[in-house]
Amino acid sequence: MVHYTALIAALAALPSALAQISDDFEGGWDQSKWTTYAPDCNQGGSISLDTSTAHSGRNSMRVNGAGGYCGHIFFGTSAVPSGDIYVRAWIKASKAFTASHVTFITMPDSTLGTNKHLRIGGQSNILMYNRESDDATLPDLSPQGIAASSPLPAGDFQCFEYHLGTDGTIETWLNGNAISGLRAGPSANNPYGSQWERGSYKQRISAVYFGWESYGGDTNTFWYDDVAVGSTRVGCGSGSTNPPPAAPRDLP
Ligand code: CA
């Protein structure tokens, strides 16, 4: 019985230890698993399950992103690990980023303050991180910093991955390739991250939300598929993120 009790204890600890949540959306949009998020206001943006385009199978999540801050809308989860956090999403944008600042992933970050977010988006035509509290960017938006990041190609699904460590580490990959300008933390060696690392910033997020937020007039349509949030890197791998039925998934 001792072994049995130990096993039960180990299984009970498993969800919080792994905190793996993933979805290919072939079973539809589980609105208790993926909740809608639009802090402060919600005017114009919308989210739906789309059966006309997908990275895996037939279904993906579609975000119609409107212009202006209140046109924002996101879906996501607070089931994030307490330690290292790895996020993988296959993302399709209908339009490339412009010079204007936009966000497609937003994360409440207690380091930044109440209702302040660590944001991943676009500005100066490239992928970038932004802190809502002080508008610091990663990379610095100098010509060299911009060149150290990458655009997000539009019109087809791209594999976007990032890692947030408790020591302030940020790593980012597009289609499996590390983006040097989108690194931060003790071992980043990123010459374009000085603005970001000032004050020894260490993010501490409580949720991950996928969608669209625009601070000017930019609108876009984004699709998200094969989303995974967990404590280890899953990579771009095969299309489906659903584990086999016997896997210990969604334990109580
Ligand atoms: Ca799918």
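When +1 charges are put on Lys and Arg Cβ atoms and -1 charges on Asp and Glu Cβ atoms, the dipole computed for the chain relative to its Cα centre reaches about 140 debye. Charge dipole (Cα centre; +1 on Lys/Arg Cβ, -1 on Asp/Glu Cβ; no other charges) of the range 108-241 amounts to roughly 320 debye. Expressed as a whole percent, the accessible surface of the range 99-252 that belongs to carbon and sulfur atoms is 48, based on a 1.4 Å probe.
A simple rule links phi to the HN-Hα coupling: the Karplus curve 6.51 cos²θ - 1.76 cosθ + 1.60 with θ = phi - 60°, which for the range 63-72 gives 10, 8, x, 8, x, x, 3, 6, x, 6 Hz, with x for Gly and Pro. The calculated 222 nm mean residue ellipticity attributable to helices in the chain amounts to -3000 deg cm²/dmol, summing -39500 (n - 2.57) over DSSP H runs of n ≥ 4 and dividing by all residues. In this structure the chain gives 44 Å² per residue of accessible area when probed at 1.4 Å with all protein chains present. Against the main long axis of the alpha-carbon atoms of the chain, helix 2-18 sits at an angle near 20°. Extension gain, ARG204 to SER78: 0.36 nm times the residue separation minus the Cα-Cα distance gives 44.1 nm. For the range 11-108, averaging the sequence separation of C-alpha pairs within contact (under 8 Å, six or more residues apart) and dividing by the residue count gives a relative contact order of 29 percent.
The values are calculated or read from the model by the stated rules, or taken from the named source; none is laboratory data. These numbers come from a predicted model, not from an experiment. Using ideal geometry, Cβ is built from the backbone for each residue, glycine included, and neighbour counts are taken over all protein chains shown. With ligands, DNA and RNA removed, areas are computed over all heavy atoms of the protein, side chains included. Shrake-Rupley method; radii C 1.70, N 1.55, O 1.52, S 1.80 Å.
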